[in-house]
Amino acid sequence: MKDNQDASATVRDTRTEQELRASELSYRRLFEAARDGILILEADTGRISDVNPFLIEMLGFSHAELVGTPIWELGPFRDILSNKVKFEQLQQQGYVRYENLPLETRDGRKIAVEFVSNVYQAGDRNVIQCNVRDITERDAAEKERARLAAIIEYSDEAVISKTVDGIIIGWNHGAERQYGYTTEEMVGRSISVLFPPDHYQEYLEILKKIRKGEAVPSFDTVRRRKDGTLINVSVNITPIETRGGEVVRASKNSHDITRIKKLEAQFVEAQKMEVVGQLASGVAHDFNNILSVIMGCGELIASGLGPDSPLRKYAEEIRHSSECAAGLTRQLLVFSRKQTVQPVVLDLNDVVKDLDKMLRRLIDENIEMTIVPTKQIGRVKVDSGYVGQVLMNLVVNARDAMPNGGKLTIATDNVTLNENYARTHTGAIPGDYVMLSVSDTGTGMTEEIKAHLFEAFFTTKPLGKGTGLGLATCQTIVQQSGGHIGVSSEVGKGTTFKIYLPRVEQPLDASVSFIQEDSLPRGSETLLVVEDDPSVRGLASTILQAQGYTVLCAANGQEGLCVAGEHKGEPVRLVITDVVMPEMGGKVMAEWLKTIYPYLKILFTSGYTDDAVAQHGVLEPGVAFLPKPYTPGVLTRKVREMLDDGSASQPAVTKDGVPDAYTLTTV
């Protein structure tokens, strides 16, 4: 019996030993085939007793260099378990873990590892198994994901995640800035809160596409902010699928394009005005010639009628209508920048004073107009004619805003605009200015109307009562002069326009003159009128002859040279010539005449736009120019002004009274 028991025990021991060897062999195979690095340490000394091939390959040290070395003496692990306290903690706790441990390999490469240590018993002794997993790529990927997440989170573009039912599950800082809602306010709510009521069908169509897994390419639309304002946005939406192909959510990117839309609108407006400008400049020449005749004839008829004549009111209506037509053409050209600003240094108080009578004729009797000039007003450099046009436009608008009467106040002042004002008023530049203000006690304006106030062709007046160019022209003139125009208004309380023109230290220009009400000046000198339009030529001749002048006429520059060369009477003192004419233009003719008659004065006129006239070199400093259409008063005053200017010397005269210089050879 005992022998049988001993035999059974031997068999069991043999089987146990075989199982143990099999287990050790299995462990060894796992140890050597593991794709993580494994260190086996002696628990009491910390010396490395074994290391698997993967760790050898990872660190670059040989098996012999690693085995038998205390772990804290090995380069890569010198800072790990490097003191007895940490090692004792490992011995006592039986477990240590490092989530992201930086190591340096033998060849100097930096790697990140996950380091886990466990104490366990192997036979009759305790050992420490350290598992070292290379997480360098994973760490880099996580850092990249974190970087991308930070970019998305703090992007200026709104990035929103939502379910297929439109429930928001992600809301970045860009979305907070763009729409005004915080993340806490929006996560869990429907994206439909951003859709204006009239865009609800768009919301349903987007959900339908997302559920089908269809991307929504970039498109421009409108969304509503928390404060209720509508903004223009560009949106694109991408469905996000699982590996199984199920659409679980969608990512929406949007950015605010309100400013871009405004710029596009401004560009369209600029294009529209360019077309208007081209159209206006194309017809300006012929139209201004026609208006010159209508205005001149209207004034001549009015001057020949008695104050009680029943026809006088019709003549006045002709003159008034033609002046309105001329003003409209001028506004179109100014706004489209087809007319050049010619600035001079002047005193705004003088401008207002000289225009006082005319301005009072523009308003109704039930409007009380008061002028409040500031003493010692600064000087400004602006176009003397255009500043009057700005003032008249503003006065007419004030009149129309007070149909039942009221108070109109025109004031001037020296002001300084600071940085704070410039920040809150687009286009304003800090500095010293002279202010011209026009205030009324009329109907006032809403904020919506004020927003469109300076747009071309925008008007609140009834059909046929306004062109919508008045304020747009005012703004263009002020901006061309380096100034700024501001407006304040309240419904039912009135409106105030303030024109700010830069203050200058230059002396006043003595040649500045404004509207005059005196009778037409007379003279007896001999003049030469060169004009290709027979109606304008005849009218100018009639006007000047009526004031006592001797007038010679020619249809073009070539004919003008002939007329001047053949004339034997009193010397020609002044030539009034159109700029653009067939055969020979006024500029070429004038150059020929000036070589023979250096004393001769030349007054150029033209119905073409200023840029067209400038191509002929007429708008140079010191060159006298009178734009069409002109009235008899404007023509005769300009002629008298030039004749009275003593800057040119008189010609030498021979015994028979003929100037010695009259030896012109015509060409």
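For this structure, a couple of remarks:
- Members of the stretch 511-537 that are among the hydroxyl-bearing types (Ser, Thr, Tyr) and at pLDDT below 85: Ser511, Ser513, Ser519
- Residues being more than 24 Å from Asp644 (Cβ to Cβ) and among the β-branched types (Val, Ile, Thr) - total across the stretch 580-608: 3
Residues checked against (1) aliphatic (A, V, I, L, M); (2) modelled with pLDDT of 75 or more; (3) touching a Pro at 6+ places or on another chain (Cβ under 8 Å):
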{"site": "Gly244", "(1), (2), (3)": "no, no, no"}
{"site": "Lys252", "(1), (2), (3)": "no, yes, no"}
{"site": "Ile257", "(1), (2), (3)": "yes, yes, no"}
{"site": "Lys262", "(1), (2), (3)": "no, yes, no"}
{"site": "Ala265", "(1), (2), (3)": "yes, yes, no"}
{"site": "Ala270", "(1), (2), (3)": "yes, no, no"}
{"site": "Glu274", "(1), (2), (3)": "no, no, no"}
{"site": "Gly282", "(1), (2), (3)": "no, no, no"}
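Conditions (1) out of contact with any Pro (no Cβ under 9 Å at 6 or more places or on another chain); (2) open to solvent by 80 Å² or more (accessible area, probe 1.4 Å); (3) at pLDDT below 85; (4) under 30 Å from Met58 (Cβ atoms), marked per residue:
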| position | (1), (2), (3), (4) |
| --- | --- |
| Ala141 | yes, no, yes, yes |
| Arg145 | yes, yes, yes, yes |
| Glu153 | yes, no, yes, no |
| Ala158 | yes, no, no, no |
| Ile169 | yes, yes, no, no |
| Gly188 | yes, no, no, no |
| Tyr200 | yes, yes, no, no |
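- Test set (1) surrounded by fewer than 17 Cβ atoms within 10 Å (Cβ to Cβ); (2) modelled with pLDDT of 80 or more; (3) not hydroxyl-bearing (Ser, Thr, Tyr) - Asp611 fails condition number: (2)
- The criterion of at least 1 residues that are among the aromatic types (Phe, Trp, Tyr) is met by the following helices (runs of 4 or more DSSP H) wholly inside the stretch 133-241: 173-179, 200-211.
- Any hit, the stretch 350-359, residues being in a strand (DSSP E or B), open to solvent by 40 Å² or more (accessible area, probe 1.4 Å) and not hydroxyl-bearing (Ser, Thr, Tyr): no
- Every residue from the stretch 46-58 that is open to solvent by less than 30 Å² (accessible area, probe 1.4 Å) and at pLDDT 85 or above: Ile48, Asp50, Val51, Asn52, Leu55, Met58
A quick yes/no check of all residues on (1) within 23 Å of Leu74 (Cα to Cα); (2) acidic (Asp, Glu); (3) in contact with a Leu (Cβ under 9 Å, 6 or more places away or on another chain):
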| position | (1), (2), (3) |
| --- | --- |
| Val96 | yes, no, yes |
| Val119 | yes, no, yes |
| Asn126 | yes, no, no |
| Arg145 | no, no, no |
| Ala150 | no, no, no |
| Ile167 | no, no, no |
| His173 | no, no, no |
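- Qualifying residues in the stretch 90-132 (those that are of a type in the set (Gly, Ala, Ser) and over 22 Å from Glu57 (Cβ atoms)) - the one most open to solvent (accessible area, probe 1.4 Å): Gly123
- When the stretch 387-433 is filtered for residues that are in contact with a Phe, Trp or Tyr (Cβ under 8 Å, 6 or more places away or on another chain), among the aliphatic types (A, V, I, L, M) and open to solvent by 10 Å² or more (accessible area, probe 1.4 Å), the ones remaining, listed by number, are Val415, Leu417, Ala428.
- If you go through the stretch 174-186 and keep only what is open to solvent by 20 Å² or more (accessible area, probe 1.4 Å) and either acidic (Asp, Glu) or in contact with a strand residue (DSSP E or B) (Cβ under 9 Å, 6 or more places away or on another chain) (or both), you end up with Glu176, Arg177, Tyr181, Thr182, Thr183, Glu184, Glu185.
- Scanning the stretch 383-397 turns up no residue that is in contact with a strand residue (DSSP E or B) (Cβ under 6 Å, 6 or more places away or on another chain) and free of Cβ contacts under 8 Å to residues at least 40 places away in the same chain.
- Among the residues of the stretch 373-386, those that are outside any helix (DSSP H, G or I) and open to solvent by 30 Å² or more (accessible area, probe 1.4 Å) comprise Pro373, Thr374, Lys375, Gln376, Arg379, Lys381.
This table checks each residue for (1) modelled with pLDDT of 75 or more; (2) within 26 Å of Lys407 (Cα to Cα); (3) touching a strand residue (DSSP E or B) at 6+ places or on another chain (Cβ under 6 Å).
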position	(1), (2), (3)
Met445	yes, yes, yes
Thr473	no, yes, no
Ile499	yes, yes, yes
Asp509	no, no, yes
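- The residues on offer are Gly482, Gly492, Gly464, and the sole one that is at pLDDT 80 or above, in a loop (DSSP other than H, G, I, E, B) and more than 23 Å from Val387 (Cβ to Cβ) is Gly492.
- When Ala540 is tested against the conditions (1) in a loop (DSSP other than H, G, I, E, B); (2) at pLDDT 85 or above; (3) open to solvent by less than 20 Å² (accessible area, probe 1.4 Å), the lone failure is (1).
- Selection count where residues are closer than 20 Å to Leu207 by Cβ and out of contact with any Gly (no Cβ under 7 Å at 6 or more places or on another chain), scope the stretch 182-196: 8
- Test result for Glu137, open to solvent by less than 40 Å² (accessible area, probe 1.4 Å), more than 30 Å from Arg223 (Cα to Cα) and acidic (Asp, Glu): no
The values are calculated or read from the model by the stated rules, or taken from the named source; none is laboratory data. Quick caveat: nothing in here was measured; it's all calculated off a predicted structure. As a convention, Cβ positions derive from the backbone with ideal geometry for all residues, glycine included, and neighbour counts pool all protein chains shown. Only protein heavy atoms, including side chains, enter the accessible area calculation; ligands, DNA and RNA are left aside. Shrake-Rupley method; radii C 1.70, N 1.55, O 1.52, S 1.80 Å.
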